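> My structure is below; once you've seen it, I'll send some questions.
Just so it is clear, none of the values below were taken in a lab; they were calculated from the coordinates. From a predicted model like this one, the values you see are computed outputs, not experimental measurements. In this analysis, Cβ positions are derived from the backbone assuming ideal geometry, glycine residues included, and neighbour counts consider all displayed protein chains.
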Amino acid sequence: MQYLLGNEAVAHACLEANIDFASGYPGTPSSEVIDILRSQEKRGFYVEWATNEKVAYENALAAAWCGVRALFTTKHVGLNVAADPLMTSAYTGVTGGFVVLSADDPFAHSSQNEQDSRCYAQFARVPCLDPASVQEAHDMIRDAFSLSEEFGLPVIFRPTTRICHSKSDVDLGTVGDEHRVGEFCRDPKQYVVIPAHTRVLHRLLNEKQPAIKKRLVELGYNTAEVRGKTAIIASGVAASYVQEVIGADVSFAKIGAYPIDEDWLRTFVDAHTRILVVEELAPVVEEAVRQVATTTEVFGKMTGTVPYEGELSPAAVAAAMATAGFSPTQSFPAQRAPAAVAPRPPILCAGCSHRSTFYAMRKVFKDGIFPSDIGCYTLGLQLGGVDTTICMGASITVGSGIKQSGEERDVVCTIGDSTFLHTGIPGLLSAVYNGANMTVVILDNRITAMTGHQPNPNTGITAMGTESTPISLDAICRACGVSFVETVDPYDLPLLLATFRQAKEKDGVRVIIAKQPCVITARRAGIKRKPYAVDPERCTGCGVCRSFGCPAIAFADEKAWVTDLCAGCGVCADICPSGAIHREGR
Amino acid sequence: MNGSFDILIVGIGGQGTVLASNVLGEACIREGRPVRSAETHGMAQRGGSVESHVRIDGRYGSLIAPGCADLLIAFDLLEALRYRHYLPEGGRLVTNRRFVTPTSVYMQKQTVPDEAEILAALGDLDLTCIDAAVIASEAGSPLSQNIVMLGGASRFMPLAAETLLAAVRACVPPKTVAINERAFSLGRDAAGRC
Ligand code: SF4
Ligand code: SF4
């Protein structure tokens, strides 16, 4: 027994399954799986961070075509980026086991939407496993590779935040050390999806479906126990919430694998007069239940009994049960969060270089429009520097669209280095090609910070720790046709302001690369900067530094002071109009 | 009730709530008991308000419902106020005496209550208040505040103090074992004096 995070248990199960290849793009709540795989001391397999999910999916798919066991990891929205290869890889199939880990995020704890990866599994007609607990997540991954090999199909594994980031006592198996070497066997009928081939492949995919359904019942991930005339059917982590509050005389079915076998489901449904379906996100199970139900009364999302949005909990399940005429075994007090406690939202770190970049951008472009992107810098919202975010890479494209719509105000978009390499480049190329008039700021902190500081091609090191040739963002932008490309140190506020002013005067697409390592990685790398301090004699209490928003600046008795969080970036010293902030020891 | 002992640990991203939850989980493994817990990862960790749910003897999901926690441990006094509704009436709270004012308060010129006001607002609870910063410095490092708080709260947990101490040793960085052992014991003593 070990106490492990869901993602740690999943990574361990991959080792038990003798995984040969792993590729992904970081995204909460999925990132730890590859981070753990890549930090294994004895590693007999290949692991990489790819530049985006489509790239990662295709890399892993090709490995599985070569007969090795491959894992692809992403967060739910990353599966949108990889949807193109996903859909057709269901046709081509695989020879080596291929597991597509797509972590869903009910309640959008760290995401831009609450989409449901099970819908992709239905859409692509591939099997999907949906764990109810950390232990089950572990066990399912072990089975997922052989399931994939048995049917020659990618298998979607879909944990949610409360699996990935929950911990539990877990029973682990033994790590294997038999690894395969990939070998590509030429077979155009399988791997070249011209119309003549794909029509056949589509039929073959459809023909696999009945056997998959039967096999999933045999595997025991869909279980049912008849205990009375009424029943609850639950899926994924919601099943564990139901188990906490369900009465002994209510039947219970747990769905952990899709597609659901209709015959199996019909037998269970027909044995009951009333059924409540409890699941997070989309009504996938509920639709299946409604399709087979004849006289049984069905409650769920479609009756308004279970919410479509957000995450469930034992209390939410108990409430749904009460509405549907079931008696939960526990009652939950109607406790409310106390009103008016000052909120404490996440905030850019003390010394984060993004803060000064946003500050300078807003100073120079007072009336600007600020499309932004996905990363720590989305927190620039608090600094008034983020007007839009929709998905990865959508700052430059949205900026270009706004400008070309006829909007006259200046457009300045912000995008991180990893996001720029992910999907920013095509947007930049298109903006230049089509003559957009805008400024693009690449927030270059040399790392994929928000998801836990994973390396990217800009870092100069791979996931496996091998040095790589650091790419040049400047050269990429110039190759896209940008002539104004300036790299500045965002800790140098006067220079940063001057560069923004220069860009403002120019036409066409201008790029500013604000380059400074993330303070967390800098600290880990041993870079030390002397902290700053406020001279109380000179501080007038004007509050200018306060509005800069650095968490190391506190205020007491109408005077500012710098706390021990200070990372020594020195920007506040440039902002203070009274010159009251100095590097310590001077 | 399902017989699980439900602990909610709250604080600010970076204060070590995850490490504290690891210690509790490790202690459960050592006592051969099932455990479930849930944590905040990702963006919210950047200095935001964070929570760790730990369910000792838990066999189902990892989430604790409001009004149902057996113990609330707050690494920051303002966070104790924010999460107090997880306790039933008169429930048990072990909290740090100090709090960090959120930066947004300075930026938006809001007001926050002072320590005395917050403590008064928590007065209906079964309250144990610890000056974690002072005790942690005494133990040898201000970074050991999380273990000080855990030591204080250990008096109210269904886990043996020796098991918890062994779990602390196993979970903290090897170089800091001695400091954290002291932090745990001093925290436990301080809670005993309250
Ligand atoms: S982790 Fe790095 S990039 Fe993110 S807010 Fe902190 S300093 Fe900025
Ligand atoms: S120097 Fe100023 S702005 Fe930079 S981290 Fe320290 S207090 Fe914050």
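> Tell me which aspartates and glutamates have Cα within less than 13 Å of A:K54's Cα, excluding those fewer than 8 residues away on the same chain?
The qualifying aspartates and glutamates are A:D84.
> For the stretch B:5-193, what are the per-bin percents of Cα-Cα distances with bins 5 Å wide, up to the bin holding the maximum?
Whole-percent P(r) values from 0 Å outward: 1, 8, 17, 22, 22, 16, 8, 3, 1, 0, 0.
> Rounded to the nearest 500, what is the 222 nm mean residue ellipticity of chain A from helices alone, with -39500 (n - 2.57) per DSSP H run of 4+ residues and division by all residues? Write out the running numbers ahead of the final one.
On the way: 22 runs with 212 residues, N = 586.
Roughly -10500 deg cm²/dmol at 222 nm, from the helical runs in chain A.
> Something else: If the reach is capped at under 16 angstrom between alpha carbons, list the aspartates and glutamates near A:K229, excluding any in the same chain fewer than eight residues apart.
A:D249, A:D270, A:E297
> What is the distance in Å between the Cα centres of the stretch A:62-135 and the stretch A:252-287?
22 Å
> Which value in nm describes the separation of the simple spin-label points at A:E41 and A:E297, placed 7 Å from the Cα toward the beta carbon?
Those two pseudo-labels are separated by 6.2 nm.
> While we're looking at this one, here's another question. List the aspartates and glutamates whose Cα sits under 12 Å from the Cα of A:K301, skipping any in the same chain fewer than 8 residues away.
Excluding near neighbours in sequence, the set is A:E279, A:E280, A:E286, A:E287, A:E309.
> Pairs of alpha-carbon atoms within less than 8 angstrom and 6+ residues apart define the contacts here; what relative contact order does chain B have, in percent?
21 percent
> Given +1 on the Cβ of Lys and Arg, -1 on the Cβ of Asp and Glu, and no further charges, what dipole in debye does chain A carry about its Cα centre, rounded to the nearest 20?
Rounded to the nearest 20 debye, it is 1120 debye.
> Stretch A:V192-A:A334 to full length: gain in nm at 0.36 nm per residue minus the Cα-Cα span?
In short, 45.2 nm is gained.
> Here's another thing I want to ask about it. Can you list, largest first and rounded to whole Å, the semi-axes you get for the stretch A:222-323 by taking the square root of 5 times each eigenvalue of its Cα gyration tensor? Please list the in-between numbers first.
Details: eigenvalues 66, 44, 33 Å².
Output for the stretch A:222-323: semi-axes of 18, 15, 13 Å.
> Now for a separate question. So between B:D126 and B:E89, what do we pick up on full extension, going 0.36 nm a residue minus the alpha carbon distance?
So the chain would gain 12.4 nm between B:D126 and B:E89.
> Using the C-alpha gyration tensor of the protein assembly as shown, what are the square roots of 5 times its eigenvalues, in whole angstrom, with the largest one first?
42, 37, 24
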